Amino acid sequence: MLSIKQKDDIRKKAKEFPGHRSVSLPALYIAQSGKGYIDRKDIEEIAGILSISYAELYGIASFYNLIHRKPIGKFHIQVCTNISCSLLGAEHLLTRLEKKLGIREGGATADGIFSLESVECLGSCDKAPVMMINEKFHEALTEKKLSRILASLKEKAE
Amino acid sequence: MEELKILLKNIHKDESKKLETYISGGGYEALQKALSKKPDDIVETVKKSGLRGRGGAGFPAAVKWNFIPRDCSQPVYLIANADEGEPGTFKDHILMEKDPHLLIEGMLIAGYAVHSFQGFIYIRGEFAEIAQILEQAIAEARQAGYLGKNILKSGFNFDINVYRGAGSYVCGEETALIESLEGKRGQPRLKPPYPAASGLYGSPTVVNNVETLACLPFIVREGPERFASIGIPGNTGTKLFCISGEVNKPGCYEFPLGVPLLNLVYDVAGGIRGDRKLKAVIPGGLSTPVLSAREADVLMDFDSLAAAGTMLGSAGVIVLSENASIPEIALRTARFYANESCGQCTPCREGTGKLRLLLERIFLGSGEADDIRRIMKICTSLKGISLCPLGDAAFLPIFNFVEKFHGEFEALIR
Ligand SMILES: Cc1cc2nc3c(=O)[nH]c(=O)nc-3n(C[C@H](O)[C@H](O)[C@H](O)COP(=O)(O)O)c2cc1C
Ligand code: FES
């Protein structure tokens, strides 16, 4: 369910565009900013605000990788496994992460703190291997750096 | 080899993203100069400079602008394509993060030239922090009177809106981008009509790559002859080369078009890690056909690479050493395009999916003797028939991986 503030934000944002339909992506972002993903109810409510059908908005939401339709961890880890990163050991880092977190690629820890996903090129290949945690880039990764990052996140989660 | 820094001249300055830093380096002088001329004069200036689009296809910028109908009653929109999804490419990332005002000034000049009053920056969703940097720079520029109404008292109105994509490679294709910016699924449109005739909200629209727009302040300030004197005939100006993969000093470097590829690899990027031997280079991002080490003695410009059977693309140079497994890279390529195909047209959806299956089973050791022929057949028979160029972006490089390195594939099948 959307909060009153989220609904207001969506209506405000819609005014920025010559075509109000354009707000559908910003609206989906606003909706998932709370719990990290959107559910059926959120889509229904946004579709109502935008006066488009549920089915159409669902089609839009499902097209984009960054719109999550199931819960993700508090820290969502996206590891680039495209060419430049994999040439410099991305696959190995992904395996390390799976081991350390005790989950497989595509999964989330039972406590809901971490989720892990492999993704395509993040546009930072000179600093390979690269991953993103939520909206932050972590670059030139080594095993040591990875351990440090995970430790600090675990601390934050407590 | 010395870099020629025109686009990158500010990025190493302290607080390079601030308006005052940009202005102290001569920023917004070009805008002032442009506004003192007629829009058509600016189009003419850009035509004389020979500027070709940096988004992949190398289409002349002034020719694209001239497709915009004159005196039409509809608004004209200008879109900066900041989707930067082509694997191996990270130049627009650096330009926008370090020098956002360069893009803003470039958009102002382009907007003025094509009679637009509204620009959009469509930025890939993963660049959330860069989107914020752009928002801040736009606010600064608005405050200082470079954006908004009656800019520098010239009567010209222009503003910019930042629109964040949400994780989709195909949205870099200009009509998919427009669909996405209209709030829909990012599925490419059938062309024609081209965006210049009917683009965003059905209005005439210009879509240019970030780097293309970033060239404009220099062209206007220093004059088109100066720009045209850099590079080689038909391929003018400097270009940002993104070098990644197995080199000692990966990075984004600026050189005149026509710089030799081997100089980029060995002099600029410090040669190959561990002094290994060069196996191959992908010269222009993952969608461009690979060059084997033997073919790598080429110049890096649109025409030279086309003559070598490949493309400059987005100038994402991916360097592969003797250690790299071409079948593995071909498989990753197939997976990428199969994941990112929008699914709308059959040749692209089915072709990329089938290539992924075949390459997967070869890679896992269960390939059949006929699989190599099957791959080549898919790549050749589906070439040029998908709705947008995404299909070819998979078929061409995969065909070349298999053709040029078939021994490595055969070894996995036997
Ligand atoms: C699948 C696909 C992805 C593309 N991705 C991008 C991109 O990320 N950035 C970009 O500027 N152009 C991209 N393009 C090219 C655009 O369609 C368009 O030609 C370009 O933005 C035009 O800019 P220019 O004339 O300044 O080069 C892509 C094209 C295709 C077919
Ligand atoms: S390949 Fe990993 S960021 Fe480009």
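The values are calculated or read from the model by the stated rules, or taken from the named source; none is laboratory data. Since this is a predicted model, take the numbers as computed values, not measurements. Counting neighbours? That spans all protein chains shown, and the Cβs are built from the backbone with ideal geometry, glycine included. The accessibility values were calculated without ligands, DNA or RNA, using every heavy atom of the protein model including side chains. Shrake-Rupley method; radii C 1.70, N 1.55, O 1.52, S 1.80 Å.
Quick notes
- With a 1.4 Å probe rolled over the protein heavy atoms of all chains, the accessible area of B:Glu182, A:Glu139 falls in the order A:Glu139, B:Glu182, largest first.
- Summing charges over all other residues whose Cβ lies under 9 Å from the Cβ of A:Ala27, with Lys and Arg as +1 and Asp and Glu as -1, gives 0.
- Gaussian network model of chain B, springs between alpha carbon atoms under 10 Å - residue of B:Ala57, B:Ala113, B:Ala315 with greatest fluctuation: B:Ala57
- Every Cα-Cα pair of chain A was included, and the share exceeding 28 Å stands at 33 percent.
- Carbon + sulfur, % of accessible area of the protein assembly as shown - ligands and nucleic acids excluded, 1.4 Å: 51
- Segment B:270-312: C-alpha gyration tensor shape, a/c 1.5 cut-off, then a/b vs b/c: prolate
- Local electrostatic count at B:Cys348 - Lys and Arg +1, Asp and Glu -1, tallied over other residues with Cβ under 13 Å: 0
- Long-range tail of P(r) for the protein assembly as shown (Cα pairs > 40 Å, %): 23
- Pair-distance distribution P(r) for segment B:1-45, from all Cα-Cα distances in 5 Å bins starting at 0: 5, 17, 21, 16, 16, 15, 7, 2 percent.
- Residues B:Cys171, B:Cys345 ordered from highest to lowest accessible area at a 1.4 Å probe: B:Cys345, B:Cys171.
- Neighbouring partner chain Cβ atoms per residue of A:14-20, average, 10 Å criterion: 4
- 13 Å cut-off, amide nitrogen to a point 7 angstrom out along B:Lys277 Cα→Cβ, residues in segment B:295-323: B:321-323
- Cα-based shape type of segment B:293-414, given that a ≥ b ≥ c are square roots of the gyration tensor eigenvalues and the cut on a/c is 1.5: oblate
- Each residue was assigned an accessible area with a 1.4 Å probe, and for B:Met376 the value is about 40 Å².
- Taking a ≥ b ≥ c as the square roots of the Cα gyration tensor eigenvalues, segment A:75-157 comes out prolate, since a/c reaches at least 1.5 and a/b is larger than b/c.
- Cα principal axis extents for segment B:48-132, largest first, Å: 38, 26, 19
- Separation of alpha-carbon centers, segment B:225-274 and segment A:66-140, rounded to whole Å: 31
- Over every Cα atom in chain B, the radius of gyration and the widest Cα-Cα span, Dmax, amount to 21.6, 74 Å.
- Over chain B: helical MRE at 222 nm, DSSP H runs n ≥ 4 each giving -39500 (n - 2.57), nearest 500: -11500 deg cm²/dmol
- Rounded to the nearest 100, the interface formed by chains B and A buries 3500 square angstrom of accessible surface, both chains summed, with a 1.4 Å probe.
- Taking segment B:280-294 and a reference point 7 angstrom along Cα→Cβ of B:Lys383, the backbone N atoms nearer than 17 Å belong to B:287-292.
- Mean ellipticity per residue at 222 nm, deg cm²/dmol - from DSSP H runs of n ≥ 4 across chain A, formula -39500 (n - 2.57): -14000 deg cm²/dmol
- In plain terms, the chain from B:Ser154 to B:Tyr194 could stretch by 11.3 nm, reckoned as 0.36 nm per residue minus the Cα-Cα distance.
- 5 angstrom amide H check on A:Leu116, placed H, neighbours 5+ away: A:Ile77, A:Gly106, A:Gly107
- Checking Cβ-Cβ separations below 4.7 Å across the protein assembly as shown identifies A:Cys121, A:Cys125, B:Cys72, B:Cys171, B:Cys215, B:Cys242, B:Cys252, B:Cys342, B:Cys345, B:Cys348, B:Cys379, B:Cys388 as cysteines lacking any candidate disulfide partner.
- Segment B:236-328: trypsin sites (Lys or Arg not before Pro) falling in loop per DSSP and having at most 12 other Cβ within 10 Å: B:Lys277
- Comparing B:Leu257, B:Leu364, B:Leu103 in a Gaussian network model of chain B (Cα springs below 10 Å), the most mobile by mean-square fluctuation is B:Leu364.
- Neighbourhood net charge (9 Å Cβ-Cβ; Lys/Arg +1, Asp/Glu -1) for A:Phe63: +2
- Comparing A:Lys35, A:Lys127, A:Lys15 in a Gaussian network model of chain A (Cα springs below 10 Å), the most mobile by mean-square fluctuation is A:Lys15.
- The accessible-area ordering, largest first, of the residues B:Glu84, B:Glu97 stands as B:Glu97, B:Glu84, per a 1.4 angstrom probe.
- Semi-axes of the equivalent ellipsoid for segment A:4-63, Cα gyration tensor, largest first, Å: 16, 14, 10
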